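The values are calculated or read from the model by the stated rules, or taken from the named source; none is laboratory data. These numbers were taken from a predicted model, which means no experiment stands behind them. We place every Cβ from the backbone using ideal geometry, glycine too, and count neighbours over all the protein chains shown. Only protein heavy atoms, including side chains, enter the accessible area calculation; ligands, DNA and RNA are left aside. Shrake-Rupley method; radii C 1.70, N 1.55, O 1.52, S 1.80 Å.
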Amino acid sequence: MAASLLRLSRPRRALLPLSALRLPLSTQPLPQPQESSSSNSRRGLPAVLSFLAAAVAGGTATTVAFCDSDGRDHRVGGKESTELVVRGERKRVPREFVDELASFLGENLTVDYEERSFHGTPQNSFHKAVNVPDVVVFPKSQDEVRRIVMTCNKYEVPIVPYGGATSIEGHTLAPHGGVCIDMSSMKKIKSLHIEDMDVVVEPGVGWIELNEYLKPHGLFFPLDPGPGATIGGMCATRCSGSLAVRYGTMRDNVINLKAVLPNGDVVKTGSRARKSAAGYDLARLIIGSEGTLGVITEVTLRLQKLPSHSVVAMCNFQTIKDAADVAIATMLSGIQVSRVELLDEVQIRAINLANGKSLPEVPTLMFEFIGTEAYALEQTLLVQKIAAEHHGSDFVFVEEPNAKEELWKIRKEALWAGFAMKPNHEAMITDVCVPLSRLAECISVSKRLLDASPLTCMVIAHAGDGNFHTIILFDPSQEDQRREAERLNHFMVHTALSMEGTCTGEHGVGTGKMKYLEKELGIESLRTMKRIKAALDPNNIMNPGKLIPPHVCI
């Protein structure tokens with residue numbers, strides 16, 4: 001399952017002119033902020049004046065504390081939390097703060113409610129927050145990001161970095177309001193070094209667009225999360241995807257990066273050398289920090305040569321344990337597969353219904369092998385033999401480009417097939433990862449519970465590295481269904497943790513997985529993380545309420 005999900009593209013709305021931001025507050029009645037700005041008469045100046053009046057008159061100036069719990073915190077992310085709506089103490093945003101931002105951002109700033117609501121509402125996630133950003137900004141350079149961050153730090157206004165908006169664990173929620181920094185205007189490919197096989201990019205570059213740029217040069221960037229994901233967001237969430245079994249995660253594919261820290265300092269974490277023993281590994285600290293330590297403004301990526309040949313294969317099994325056992329046996333054999341993906345019978349049924357196919361509705365493994373033509377074919381035949389030893393059937397493989405693309409679409413469209421089977425439902429997506437030797441057991445135990453549930457549940461796994469997902473579809477208007485989905489998710493996470501696994505293999509923590517971190521990492525690790533956060537961000541402006549559970553005190 002991809003680490004991030006597709007955000008439907010849309011044209012950006014016109015941003016409010018700078019002149020509108022600088023007019024004095026109106027004394028006339030103003031529209032309520034929840035009203036849609038669907039016509040010109042309800043956009044522009046009235047919306048701005050309403051926002052500024054509310055900012056000056058209301059709210060609280062209290063900064064979120066670094067020790068704000070007595071250990072019995074049951075809010076989102078607290079121990080034993082069952083609440084899904086993220087609540088936060090909204091910070092007052094003074095008029096002079098907005099004026100200061102507008103003085104150097106011009107029209108690349110908006111306070112339009114519809115735009116703020118869009119940025120504060122995840123597009124493919126059940127996570128919600130009571131507040132939305134107060135301001136959305138669209139910087140075009142590292143210097144603008146630095147000035148935005150310095151201004152926010154000066155006024156102690158929260159910051160939420162925003163990339164492709166494809167994450168699903170509440171990373172881009174704005175529970176305390178504040179400023180959403182949309183990085184979509186920073187999408188330059190700054191330099192390509194073909195002989196060194198690396199590229200320097202801005203954070204708003206999408207991985208799909210980057211690979212289109214690299215293809216004529218015979219290179220590619222191997223991470224493949226959901227469509228729409230950007231390099232900055234992929235770094236922030238330490239994502240991976242189906243190719244991680246061969247090429248590693250984002251942590252392994254970033255050579256160095258630049259980030260703006262909360263005080264406005266710009267740090268560069270290393271050189272372009274492929275390895276270094278010089279000092280703390282700051283790049284790995286920022287990768288996976290989910291915007292809580294700084295805003296990423298530049299990334300140097302490790303590239304790979306496009307394979308000369310590839311083979312895509314598929315095989316059916318009677319039980320999901322047999323399929324998982326083949327994935328494990330394949331990895332233990334030393335065969336260098338580039339992908340090993342597992343889909344259960346419910347997921348195959350959804351694909352059949354959504355696409356008019358007639359695939360056997362049984363657990364299915366998909367493989368990709370790369371290399372020379374002879375080597376890829378040799379690997380394929382070896383895996384075919386392993387599959388046969390574990391009751392595999394209908395082993396097929398293709399080498400022709402169109403046929404490979406058609407087979408791989410089955411996997412890529414899995415999530416959307418699920419939504420097509422249950423329209424108007426939301427998906428709670430698990431993301432557990434266990435040591436490879438425990439994968440078959442973890443999936444089997446989870447599958448028994450899922451099959452007994454009244455909800456529709458589909459299993460998808462990056463089976464080559466022990467990472468599997470369950471798409472649990474539920475009707476958000478039915479509280480009993482939401483609680484059942486949470487029960488299933490909770491069970492799978494604790495099953496994985498009992499097997500020395502993790503609550504998230506690639507999707508990240510956000511707000512959704514905070515409550516599991518103490519059991520996984522221990523309170524000492526969490527206190528260490530919070531001390532690092534407090535040292536770099538004493539005003540707690542960087543994506544507050546994410547990653548570090550609220551009950552952790554220092």
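What a 1.4 Å probe finds exposed on the range 93-231 is 48% carbon and sulfur by accessible area, rounded to a whole percent.
For the pair the range 376-417 and the range 476-554, the centres of their Cα atoms are 36 angstrom apart. Between the range 421-454 and the range 310-373, the alpha-carbon centres lie 16 Å apart. Starting from the range 351-415, pick out the trypsin sites (Lys or Arg not before Pro) whose DSSP state is loop and whose Cβ has at most 16 other Cβ atoms within 10 Å. For trypsin sites (Lys or Arg not before Pro) across the range 351-415 that sit outside H, G, I, E and B with at most 16 neighbouring Cβ atoms in 10 Å, the list reads Lys357. Shape summary: the range 342-498 maps onto an equivalent ellipsoid whose semi-axes, from the alpha-carbon gyration tensor, are 30, 20, 12 Å in decreasing order.
A straight Cα-to-Cα reach below 15 Å connects Lys91 with the aspartates and glutamates Asp134, Glu156, residues fewer than 8 places away in its own chain not being considered.
Our note on the geometry: Cα centres of the range 227-252 and the range 122-150, 21 Å apart. Only the Cβ atoms of Lys and Arg (+1) and of Asp and Glu (-1) were treated as charged; on that basis the dipole of the range 333-427 about its Cα centre amounts to roughly 260 debye.
So, by mean Cβ neighbours within 10 angstrom, what's the order for 327-336, 271-280 with the highest one leading?
Descending packing order for the listed peptides: 327-336, 271-280.
Taking 0.36 nm per residue of separation and subtracting the Cα-Cα distance, full extension of the segment from Tyr280 to Leu353 would add 21.1 nm.
Candidate cross-link partners of Lys321 among the lysines, defined by an alpha-carbon separation under 16 Å and a same-chain spacing of 8 or more, comprise Lys447.
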